[in-house]
Amino acid sequence: MESEPQVTVLFTEKPHELNAYVYGPFTPRTIDAARISRRYPHITGPLEHRGLECVEDFGLSDYIVHVLLPDGSHLTISPPQETGKIADAVSGFPDSWHVTRDHPDATDQFEVIYDSEPGGPHEHNRGSVPAMLAAVYQRLEQLGVPGREELLATQTRAEQLLREAGFVDHSTTTDVRFQLPPDVTGLAARSVAVTRAVRSFQSEGIGYACPADLLGVVVQTAPPAMPPSSRDSAARASSAALPHVALEPTAPREWSTGQHHQPVARQR
């Protein structure tokens, strides 16, 4: 299964400006009070520090943590769950941990990563959070999930490529946004900048989404290799059909999305 790009650049166009928004695990975002970890900040904090999304939910008798991974699978980190028994509401430090990994679209993909419950292979660690997280980190490394430094480097690289394509940094505390200078007008001029950036993104595994006609003007004369995206068939058709045929002014605008996948299998 292919992993989704960890960093994606979204191009949006207005009559007098063309913006490029960089989205990644460390992009500033509005804090959702409902998603703040209230029971396991000592677990979700380190994992979110690696750029992973964590969601707390309630299990049979205590809260559990779901961790979304780039390949669409997720980890479930759970204390002991006992039917009919509600755990201490202020604990967060149970006697043991049970960590599994599964995929919603692959029922045969299930594994137990860590089990320190009585009789489990890690029972000697009992409720140790560092020991549990060490096992989780080890499995993440085996799966090729990038760490914090690698993700930050990718996001920084995306910003650098936008600058090289002629975009100017207009980032704020709430978003990472780049914009073409106001004197760059017209479809042809904008297409040159967007196509240059997209070609660089493809070669470095950075995701992108942009109006297809912003690629069409340049791509018709020098089509780059644009592999189909794994995210949806509409995006595949849009990317694979290049060179792009100009749309009628009244037609709905098509979008191209993609990522040139270059997975790195890291051995530890």
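Values in this text are rule-based calculations from the coordinates and carry no lab data. Keep in mind the model is a prediction, meaning the values are calculated, not measured. Note: ideal-geometry Cβ built from the backbone for every residue, glycine included; neighbour counts use all protein chains shown.
Data table
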{"read-out": "Length-normalised contact order for segment 53-142 - Cα pairs under 8 Å, 6+ apart - percent", "value": "19"}
{"read-out": "Neighbour-count order for Asp62, Asp108, Asp71, fewest beta carbons within 10 angstrom listed first", "value": "Asp108, Asp71, Asp62"}
{"read-out": "Residue order, fewest to most beta carbons within 10 Å, for Glu150, Glu111", "value": "Glu111, Glu150"}
{"read-out": "For Ser116, Ser61, order by how many other beta-carbon atoms lie within 10 Å, fewest first", "value": "Ser61, Ser116"}
